[in-house]
Structure formats: structure tokens, C-alpha cells
Amino acid sequence: MSEEDLSLLYPGAALESLAAAWLDQGVRLLVVTRGASGAVAWTRKTRVEVPSMPATVVDTVGAGDSFQAALLAWLDERDLLNNVALGALEQAQVQDAVSFAALAAAITCSRAGADLPRRNELPG
């Protein structure tokens, strides 16, 4: 979810408090995108902040979609897209997954329109 969407849905709520509540309710991995400020992710075991990736911004349309698709692809490619695996993610895995997603979003921002990167444009 984006920080912007969160502020509309939960005006005045502290991000850390929302994250803690959702993790207590069973969420395994929570990721909040923050535009040019990068992203932050939580599991019950860790909190990771990832900066935005450098890009010459042409258009931000599709950046969130790219981020989410890349995050899901990264997790799926490693057979981590299930409740057990998500609950066991290590800090380095969360860092790598969110960094991969941030790179995909940066590539999208460097293009006109919602032109998401293809898999071969991202690292293995």
C-alpha cells in the first residue's frame, strides 16, 4: 500500500502503530511505498527501509503497480509466496525483495505511460 493511500484511509494514524496492529492480526509481510522516499517493510521479526532507486522521472503512472508486481514475482520465484515462508522471511530477504521492487518502480518512472519493466530488464 502507498503511504498516500494510508493517509487517506487512516488520517492521522501513525504508520508504525498501523503496522504493529496488522502484524498482530496475522499479516506476514507489510510493505508501504513512499514515493521518492522509498519503501518500508515489516514482518513480525524485522523492519526494513529501502531508498528509492535513482531514475530520471518521466511519468509516475504505474509505479505502484510495478512495485507490487515485482515484489510478488521476486517472492514467487523463490517459492516464498505462502503464509509459512512469508512468516519466516529473514531481514536480508525482505531487503532484497523490496529493493527489487523499488528498482522495477524506478524503471517504470523513467518511461512515459504505465510501461512496466519486463522480467529480463531486472536482475536475476
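The values are calculated or read from the model by the stated rules, or taken from the named source; none is laboratory data. All values derive from a computational prediction rather than experimental measurement. Heads up, the Cβs are rebuilt from the backbone with ideal geometry, glycines too, and the neighbour counts pull from every protein chain shown. These area figures cover heavy atoms from the full protein model, side chains too; ligands, DNA and RNA do not enter into them. Shrake-Rupley method; radii C 1.70, N 1.55, O 1.52, S 1.80 Å.
Note on segment 39-124: with charges restricted to the Cβ of Lys and Arg (+1) and Asp and Glu (-1), its dipole about the Cα centre is near 180 debye.
Net charge dipole, segment 1-66: roughly 360 debye, given to the nearest 20, about the Cα centre with Cβ charges of +1 for Lys and Arg and -1 for Asp and Glu. Heavy-atom accessible area, probed at 1.4 angstrom with all protein chains present, ranks 48, 84 as 84, 48, highest first.
What's the carbon and sulfur percent of the chain's accessible surface, probe 1.4 angstrom, rounded to a whole number? Please report the intermediate quantities before stating the final value.
Details: 3720 of 6870 Å².
So the carbon and sulfur contribution to the accessible surface is 54 percent.
At q = 0.16, 0.23 Å⁻¹, work out log10 I(q)/I(0) for the chain with the Debye formula, treating every Cα as an identical point scatterer and leaving solvent out; two decimals please. For the requested q values the scattering log ratios are -0.76, -1.37.
Within the listed set 41, 69, 14, the Gaussian network model of the chain (springs between alpha-carbon atoms below 10 Å) gives the highest mean-square fluctuation for 14.
Accessible area per residue of the chain at 1.4 Å probe, in Å²? It would help to have the intermediate numbers written out before the result.
On the way: 6870 Å² over 124 residues.
Value returned for the chain: 55 Å² of accessible area per residue.
Couplings for segment 65-77, taken from phi via the Karplus curve 6.51 cos²θ - 1.76 cosθ + 1.60 with θ = phi - 60°, read 4, 4, 4, 5, 4, 5, 4, 5, 5, 4, 5, 5, 4 Hz in order; Gly and Pro are left as x. The phi torsions of segment 30-37, fed into the Karplus equation with coefficients 6.51, -1.76 and 1.60 and a -60° offset, translate into couplings of 10, 10, 10, 8, 10, x, 5, 8 Hz, rounded to whole numbers, with Gly and Pro shown as x. Taking a Cβ cut-off of under 14 Å around residue 45, the surrounding Lys, Arg, Asp and Glu residues balance to a net charge of +1, with basic ones at +1 and acidic ones at -1.
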